[in-house]
């Protein structure tokens, strides 16, 4: 009997040791395709190699936009969401209100060396709701200005450092477009149909005037901010009206105008940097290009920004074990500390030590526009805002038509305000 008892105790001890050393599998969901998807897959493979026998990420890529966030919400509600997922910080308000996101405590984050002191303030706060953290930033992706160096050189708009000059201020920018117009089909290409780029440009110009899109009392576009919104739309409309930018042009068409050499400037997100780099490497671009932060058209620098971040679903009825949580936190921390590779996709690392590293400071053109981390204006904190949201729909319905001369700027802003306010009530 004593021998049997010893064997049982030894077996229990061995099982306990095995449980401690057991490999944790972290179920991961993302919405990353194209160049982003390729780079993330490489990071996941590297993580799994470095954590062999300890932690394995089991990844699944889902459809971007509304389908992703809908699936997260429905899956978390029945305890079938992943352990960790990529998440746009602009969608945190909706995730919190719907109960799809779990709070991540300061103590948990501190255990893996993360906290407010390791991220830019506005970027960190974009992952919060009511002062609680629900997502950890991974990058800052913002609007930038791409330029054809040959065309700017010919127009006398290139400084000795090879970067554009004389573009700040609405009048100066329009004067530069006039100089560029003779040498291009369009001086400036940007998406002028739909929602994406029109919202990002509008919100940047609006932010440069300290415009308030959503007041503390829940009012969209408070009265004293309406003139600022109108000024932003009028500026955008002037580019199309003046023949500097194409009318009713979809996203893909705006990119093609620049890469084909038909436009001298191009407004778009940092995520098109790999497109330019790949075409250059293949010898298919035909000109030397660069990218800078968006010019300051109004009072001070400010540019629309969002972030890919990491969030933990609030899986109802499925409590996360301490071991699983430790593994998830390690994943989030490791990804940030190895985010230099992610910057190859054009993004600005959210993690300050990476962003301030010598390696990143020599990464071009990212280093040139990395000042955006300090001038970023993130989407208003509302369940109606963020990617694939009613705000984006309103932009397509009002601001884009105003850009194309189909309605006045004042009318567009008045209609947008009324539309959003109705949905909020």
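Every number in this text was worked out from the coordinates using simple rules, so none of it is lab data. In this text, all values refer to a predicted model and were calculated from it rather than measured experimentally. Backbone-built Cβ (ideal geometry, glycine too); neighbour counts: all protein chains shown.
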Next item on the list: Figure the gain on full extension for residue 58 and residue 300 (residue separation times 0.36 nm, minus the Cα-Cα span) and round it to one decimal in nm.
Entry: 82.7 nm
Item checked: Cα principal axis extents for segment 305-389, largest first, Å -> 47, 34, 18
Notebook entry, point to check: In whole Å and largest first, what semi-axes does the C-alpha gyration tensor of segment 232-341 yield when each eigenvalue is scaled by 5 and square-rooted?
Noted result: 39, 21, 14
Notebook entry, point to check: What per residue convex hull volume, in Å³, do the alpha-carbon atoms of segment 35-88 yield?
Noted result: 85
Next item on the list: With runs of 4+ DSSP H residues as the only contributors, calculate the mean residue ellipticity of the chain at 222 nm using -39,500 (n - 2.57) per run, divided by the residue total and rounded to the nearest 500.
Entry: -12500 deg cm²/dmol
Next item on the list: Order the peptides 167-173, 282-288, 67-73 from the highest to the lowest mean number of other Cβ atoms within 10 Å of their residues.
Entry: 67-73, 167-173, 282-288
Margin query: Test of understanding: what is the full-extension gain from residue 410 to residue 97, defined as 0.36 nm times their sequence separation minus their Cα-Cα distance?
Written below: 109.4 nm
Notebook entry, point to check: How long is the gain from residue 154 to residue 423 if the chain were fully straight, where each residue apart is worth 0.36 nm and the alpha carbon distance is subtracted?
Noted result: 91.9 nm
Check: Angle between the Cα long axis of helix 226-241 and the longest principal axis of the chain, 0 to 90 degrees, nearest 10?
Finding: 70
Next item on the list: Any chance you could give the angle, 0 to 90 degrees and rounded to 10, that helix 34-50 forms with the longest Cα principal axis of the chain?
Entry: 30
Next item on the list: Return the distance in nm (one decimal) between the two label points of a simple spin-label model at residue 352 and residue 397, each offset 7 Å from Cα along Cα→Cβ.
Entry: 4.1
Checklist line | Radius of gyration and maximum dimension Dmax of the chain, Cα, Å | finding: 23.9, 98
Notebook entry, point to check: Assuming R0 = 25 Å, what is the FRET efficiency of residue 106 and residue 42, from their Cβ-Cβ distance, to the nearest 0.05?
Noted result: 0.20
Check: With axes computed from alpha carbons, what is the tilt in degrees of helix 66-77 against the longest principal axis of the chain, rounded to the nearest 10 within 0 to 90?
Finding: 30
Check: If you find the alpha carbon centre of segment 227-251 and of segment 54-103, how far apart are they in angstrom?
Finding: 36
Next item on the list: With springs connecting C-alpha atoms under 10 Å apart, model the chain as a Gaussian network and identify which of 216, 364, 97 has the largest mean-square fluctuation.
Entry: 216
Next item on the list: Counting other beta carbons within 10 Å of each Cβ, put 320, 85 in order, fewest first.
Entry: 320, 85
Checklist line | Relative exposure of 330, 49, judged by other C-beta atoms within 10 Å (fewest first) | finding: 49, 330
Notebook entry, point to check: Restricting to the chain, what percent of DSSP beta bridges are antiparallel, rounded to 5?
Noted result: 65
Check: Based on the Cβ-Cβ distance from residue 252 to residue 219, what FRET efficiency comes out when R0 is 41 Å, to the nearest 0.05?
Finding: 0.70
